[in-house]
Amino acid sequence: MRWIYKLPLRFRSLFRKEETEQELRSELQFHLQEQINEFVAQGMDPDEARCAALRDLGGLEQIKEECREMRRINYIENFQQDVHFGVRQLWRARGFTAVAVITLALGIGANTAVFSLVNSVLAPPFAVS
């Protein structure tokens with residue numbers, strides 16, 4: 001049942017990528033600043049506190065990548081990129097594309113014709129009274 005709540009978030013991540021990335025950046029910046037403030041309150045120098053907070057968080061880019069993977073949008077984005085690349089390559093090689101489309105059309109047409117012939121000869125319709 002949780003997927004019902006996650007689905008709109010995933011669609012939002014897919015179609016409003018810049019907005020979602022900005023929210024992720026601001027949230028991570030907030031957590032980083034809170035960690036820095038905590039270290040400064042403990043008596044650290046602000047520069048040392050920033051380094052310690054970055055070290056404690058474990059790298060902002062790694063955290064961003066983990067958040068992106070948790071949304072499970074990478075599969076759809078990769079599929080979109082693959083389709084875009086394939087269409088671009090087919091557009092560049094128009095001769096190959098034409099030969100491939102004609103070959104597929106002839107193959108599908110021949111299969112349909114043979115199947116129709118075999119179906120009509122070997123499997124005649126039942127007599128229904």
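Cβ-Cβ distances below 6 Å connect the following pairs, each with a first residue in region 1-12 that is surrounded by 10 or more Cβ atoms within 10 Å (Cβ to Cβ), a second residue that is outside any loop (DSSP other than H, G, I, E, B), and a separation of six or more residues or different chains: Arg10/Arg71. Only one entry of Arg88, Arg55, Arg50 meets the criterion of being of a type in the set (Lys, Arg) and either touching a helix residue (DSSP H, G or I) at 6+ places or on another chain (Cβ under 6 Å) or surrounded by 11 or more Cβ atoms within 10 Å (Cβ to Cβ) (or both), and that entry is Arg50. One residue stands out in region 53-67 among those that are without any contact (Cβ under 8 Å) to a residue 12 or more places away in the chain and not polar (S, T, N, Q): the one that is farthest from Leu14 (Cα to Cα), namely Arg55. Please work out if Gly86 is within 33 Å of the chain's Cα centre (by Cα), farther than 29 Å from Ser13 by Cα and part of a helix (DSSP H, G or I). Answer is no for this residue. Taken together, Ile108, Ile36, Ile76 contain a single residue that is more than 26 Å from Lys6 (Cβ to Cβ) and open to solvent by 70 Å² or more (accessible area, probe 1.4 Å), which is Ile108.
Residue pairs whose Cβ atoms lie under 6 Å apart, separated by 6 or more positions or on different chains, with the first residue in region 39-52 and free of Cβ contacts under 8 Å to residues at least 40 places away in the same chain and the second aromatic (Phe, Trp, Tyr), are Ala49/Phe39; Ala52/Phe39.
Number of residues in region 24-33 that are within 26 Å of the chain's Cα centre (by Cα) and either over 15 Å from Cys67 (Cα atoms) or open to solvent by 80 Å² or more (accessible area, probe 1.4 Å) (or both): the value is 3.
The values are calculated or read from the model by the stated rules, or taken from the named source; none is laboratory data. Predicted model only: the values in this text are computed from it and were never measured. In this analysis, Cβ positions are derived from the backbone assuming ideal geometry, glycine residues included, and neighbour counts consider all displayed protein chains. Surface areas here come from the heavy atoms of the whole protein model, side chains and all, with no ligands, DNA or RNA. Shrake-Rupley method; radii C 1.70, N 1.55, O 1.52, S 1.80 Å.
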